[in-house]
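Q: Could you have a look at this structure, given as structure tokens, before my questions?
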Amino acid sequence: MANLITRSGADRVLTLDLHAGQIQGFFDIPTDNLVAFPVMADDIKRRFDGYANDLMIVSPDVGGVVRARQLADRLNADLAIVDKRRPRAGESEVMNIIGDVRGRRCVLFDDIVDTAGTLCNAAEALMKEGAESVSAYVSHGVMSHPASQRVAKSVLTELVTTDTIEGSELTKDCEKLRRVSVAPLIGEAIRRIANEESVSKLFD
């Protein structure tokens, strides 16, 4: 795909929250991988105003710890980790919760939600461990079937995604789903690139 984009005539790539940052290395042209956590952090501050001391950011798996820690550091919040395994593709099983979540308002943070099985299982495990509430913030809301139904029936208070993927008919009736826009973030990055200013300063 990187070669196709380059051969098509692109001379620069601007993207958001690649699943693996190493993907940037496949491009032979300048590539900027923006991150959504500043947008998410601002929304969480507004949503949990008055509950900052109870807030805990949770990584839904070990692989997402670095991403979740960035958000936790920005919010000055504690971090917990869901230890899970995948018996087969599309299924996940929670094994342990690393961290004391009792009485905490937990926010699961991930880069992509597809069928929502992992998020819903993790939310249920957190509630069983004594969490006060569980919300989820995810960069890319694929939300393929049966994600909406799972979220609607889950213990999640809400699922917040960015608008990198347009909502489908499958998600329009899900009252727990909310979107925040990354258009200002991408617009500012484009302005900085055009003016040869630092893009990384956006995330300081």
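Laboratory data are not the source of any read-out in this text; all were calculated from the coordinates shown. Here the structure is a predicted model, which means the values were calculated and not measured. Here the Cβ is made from the backbone with ideal geometry for all residues, glycine too, and neighbour counts use every protein chain on show.
Q: Only one of these is crowded, with 18+ Cβ neighbours inside 10 Å, not in a loop (DSSP other than H, G, I, E, B) and not hydrophobic (A, V, I, L, M, F, W, C): Arg74, Arg67. Name it.
A: Values: Arg74 fails: crowded, with 18+ Cβ neighbours inside 10 Å.
Arg67 is the lone residue from the list that is crowded, with 18+ Cβ neighbours inside 10 Å, not in a loop (DSSP other than H, G, I, E, B) and not hydrophobic (A, V, I, L, M, F, W, C).
Q: Hey, which of the helices (runs of 4 or more DSSP H) in segment 85-204, taking only ones fully inside, have at least 2 residues that are over 20 Å from Val62 (Cα atoms)? Break it down into steps so the answer makes sense when it comes.
A: On the way: elements: 117-128, 147-153, 183-194.
Answer list for segment 85-204: 147-153, 183-194.
Q: Taking Val134 and the conditions (1) in contact with a Pro (Cβ under 9 Å, 6 or more places away or on another chain); (2) buried (at least 20 other Cβ atoms within 10 Å of the Cβ), which numbered condition does it fall short on, given that it satisfies the others?
A: (1)
Q: Could you check segment 1-26 and list, in sequence order, the residues that are of a type outside the set (A, V, I, L, M, F, W, C), under 24 Å from Tyr137 (Cα atoms) and part of a loop (DSSP other than H, G, I, E, B)?
A: Scanning segment 1-26 gives Asp17, His19.
Q: What residue, among those in segment 1-18 that are of a type in the set (Ser, Thr, Tyr) and over 21 Å from the mean Cα position of the chain (by Cα), is surrounded by the most Cβ atoms within 10 Å (Cβ to Cβ)? Before the answer, list the steps.
A: Taking segment 1-18 and keeping what is of a type in the set (Ser, Thr, Tyr), we get 6, 8, 15.
From what is left, the residues that are over 21 Å from the mean Cα position of the chain (by Cα) are 6, 8.
Working: Thr6: 15, Ser8: 7.
The extreme case among them is Thr6.
Q: Would you point out which residue out of Ala116, Ala147, Ala152, Ala125 is on the phi > 0 side of the Ramachandran plot and not acidic (Asp, Glu)?
A: Values: Ala147 fails: on the phi > 0 side of the Ramachandran plot; Ala152 fails: on the phi > 0 side of the Ramachandran plot; Ala125 fails: on the phi > 0 side of the Ramachandran plot.
Only one candidate qualifies: Ala116.
Residues checked against (1) among the β-branched types (Val, Ile, Thr); (2) under 15 Å from Thr161 (Cβ atoms):
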residue	(1), (2)
Val65	yes, no
Asn76	no, no
Ala80	no, no
Asp83	no, no
Ala131	no, no
Tyr137	no, yes
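Q: With the condition kept exactly as written, say whether any residue in segment 77-88 is touching a residue at least 24 places away in the same chain (Cβ under 8 Å) and on the phi > 0 side of the Ramachandran plot.
A: Our first condition is that a residue be touching a residue at least 24 places away in the same chain (Cβ under 8 Å); within segment 77-88, this holds for 77-78, 80, 82, 84.
Checking which are on the phi > 0 side of the Ramachandran plot leaves us with none.
No: segment 77-88 contains no residue that is touching a residue at least 24 places away in the same chain (Cβ under 8 Å) and on the phi > 0 side of the Ramachandran plot.
Q: Keeping to segment 95-117, report how many residues are more than 20 Å from Asp78 (Cβ to Cβ), within 20 Å of the chain's Cα centre (by Cα) and surrounded by fewer than 23 Cβ atoms within 10 Å (Cβ to Cβ).
A: Taking segment 95-117 and keeping what is more than 20 Å from Asp78 (Cβ to Cβ), we get 95, 111-117.
Now narrow it down to the ones that are within 20 Å of the chain's Cα centre (by Cα): 111-117.
Those still in the list that are surrounded by fewer than 23 Cβ atoms within 10 Å (Cβ to Cβ) too: 111-112, 114-115, 117.
Looking only at that region, the number is 5.
For (1) part of a loop (DSSP other than H, G, I, E, B); (2) touching a strand residue (DSSP E or B) at 6+ places or on another chain (Cβ under 7 Å); (3) surrounded by 15 or more Cβ atoms within 10 Å (Cβ to Cβ), each residue gets a yes or a no:
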| residue | (1), (2), (3) |
| --- | --- |
| Asp28 | yes, no, no |
| Met40 | no, yes, yes |
| Lys45 | no, no, no |
| Gly50 | yes, no, no |
| Val82 | no, yes, yes |
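Q: Give me the residue from segment 153-179 that is among the aliphatic types (A, V, I, L, M) and surrounded by 17 or more Cβ atoms within 10 Å (Cβ to Cβ) and, out of that set, nearest to Met40 (Cα to Cα).
A: Here the residue is Val160.
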